[in-house]
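The values are calculated or read from the model by the stated rules, or taken from the named source; none is laboratory data. Not measured: the values here are computed from a predicted model. Here the Cβ positions follow ideal geometry from the backbone for every residue, glycine too, while neighbour counts run over all protein chains shown. SASA here: full protein model, heavy atoms, side chains in, ligands and nucleic acids out. Shrake-Rupley method; radii C 1.70, N 1.55, O 1.52, S 1.80 Å.
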Amino acid sequence: MTAVPAVAREFRVTDTQAGDYPTVQALELMGRLVRERTGGRHSLRIFHSRQLGEEKDTIEQTRIGAIDINRTNVAPLASFVPEANILALPFLFRSVEHLHRVLDGPVGEDILASFERHGLIGLAFYDSGARSIYNTVRPVRTPADLKGLRIRVQQSDLMVEMMRALGAEPVALPYGQVGIGLSTGLIHGAENNWPSYVTTDHFRAARHLTLTEHTMSPEVLVMSKRAWESLTDDDRATFRAAARESAAWMRKQWQELEARSRTDAERSGVTVVALADRAPFEAAVQPLFARFAGEPHLAALVERIRQAR
């Protein structure tokens, strides 16, 4: 590989979450590791709380090199990275443990590698927990209970299709507009993990949460290919190692925050429904898997994930 001059620089990093959120704190850790291991030549300047825009906007900026590093969920990436779509498929992962085995193994490495041909370098996966549905109207115990409910989903075609298959009316909104949408009645509910449900105060408006745990799509840390190519081989190894170490640290912080968030919501009186039978929900979304049948490498990827033990 051609040697690149070791030019010192500050890298622009974006995250839509607040400054005290585990993903942002993990990026701060990565920044400290990069600074230490490059002798202060390189540093990360982190813009959190949607300072550089919503995820969909920042992904485009990262692809063209206006943003250097981006922490985003895999779902918004799916419009141009088919492999990312796989990780967002509903009811694909049997448990968080199954998810971790996939992400920490060869399948995870292959998916990270797949980003490069789309102008991004996959550095590491961050945890995002299981996503469940919450709403302001009524408890949801079967797909029929979702009929007529306007549920916010991520700006992803797959997520729109999923919610429609479950019987609700999907509304694709930026994350930052969910709170006002709930308060004005534009939407009846949304779907997300425990920390996002609580830290955004969505739980104060949407008092019914159903543990569908329909997706476990992780967060992914990506780097602009332009920024990557500006690094020496040694610096690339440093950035990748720092990202992986921050991911391991973030996983532990996430688990603790998830437990605290659920406790806070339950203590506030939120109605939490544990599904007696998840089979009708799983059956409703099976047509979504058919879209990959005509693409052998994607169908094989789904099967590799299912077979992971």
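For this structure, a couple of remarks:
Here is a yes/no grid of residues against (1) of a type in the set (Val, Ile, Thr); (2) under 15 Å from the mean Cα position of the chain (by Cα); (3) surrounded by 22 or more Cβ atoms within 10 Å (Cβ to Cβ); (4) over 30 Å from Glu169 (Cβ atoms):
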residue: Leu99; (1), (2), (3), (4): no, yes, yes, no
residue: Gly119; (1), (2), (3), (4): no, no, no, yes
residue: Tyr134; (1), (2), (3), (4): no, no, yes, no
residue: Val137; (1), (2), (3), (4): yes, no, no, no
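- Every residue from region 93-119 that is closer than 22 Å to Arg71 by Cβ and part of a loop (DSSP other than H, G, I, E, B): Phe93, Asp104, Gly105, Phe115, Gly119
- A residue that is touching a Lys or Arg at 6+ places or on another chain (Cβ under 9 Å), among the charged types (D, E, K, R), farther than 24 Å from Leu33 by Cβ and surrounded by fewer than 24 Cβ atoms within 10 Å (Cβ to Cβ) occurs nowhere in region 70-86.
- Flag if Asp68 is within 13 Å of Val220 (Cα to Cα) and of a type in the set (D, E, K, R): no
Matching residues to (1) hydroxyl-bearing (Ser, Thr, Tyr); (2) more than 26 Å from Phe125 (Cβ to Cβ):
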{"site": "His214", "(1), (2)": "no, no"}
{"site": "Pro218", "(1), (2)": "no, no"}
{"site": "Thr238", "(1), (2)": "yes, no"}
{"site": "Val270", "(1), (2)": "no, yes"}
{"site": "Val285", "(1), (2)": "no, no"}
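- Complete set of residues in region 45-60 that are assigned to a helix (DSSP H, G or I) and in contact with a Ser or Thr (Cβ under 8 Å, 6 or more places away or on another chain): Glu55, Thr58, Ile59
- Selection over region 144-164 of residues that are over 21 Å from the mean Cα position of the chain (by Cα) and either open to solvent by 30 Å² or more (accessible area, probe 1.4 Å) or of a type in the set (Ser, Thr, Tyr) (or both) gives a count of 5.
- Condition met for Phe125 (at pLDDT 95 or above, open to solvent by 10 Å² or more (accessible area, probe 1.4 Å) and in contact with an Asp or Glu (Cβ under 6 Å, 6 or more places away or on another chain)): no
- Sole exception among (1) part of a loop (DSSP other than H, G, I, E, B); (2) surrounded by 13 or more Cβ atoms within 10 Å (Cβ to Cβ); (3) aliphatic (A, V, I, L, M) for Ala276, by number: (2)
- Residue under evaluation Ala227, criteria (1) under 24 Å from Glu266 (Cα atoms); (2) over 19 Å from the mean Cα position of the chain (by Cα); (3) not polar (S, T, N, Q), criterion not met: (1)
- For first residues located in region 80-107 and at negative phi, partners that are in a loop (DSSP other than H, G, I, E, B) and among the polar types (S, T, N, Q) and lie 6+ apart or on another chain with Cβ distances below 8 Å form the pairs Leu87/Ser217; Ala88/Ser156; Ala88/Ser217.
- Restricted to region 20-41, and to residues there that are at pLDDT 95 or above and assigned to a loop (DSSP other than H, G, I, E, B), the residue that is surrounded by the most Cβ atoms within 10 Å (Cβ to Cβ) is Thr38.
- Hey, Gln177 open to solvent by 20 Å² or more (accessible area, probe 1.4 Å) and either part of a strand (DSSP E or B) or at pLDDT 95 or above (or both) or not: yes
- Count of residues meeting criterion [open to solvent by less than 10 Å² (accessible area, probe 1.4 Å) and of a type in the set (Val, Ile, Thr)] in region 208-264: 5
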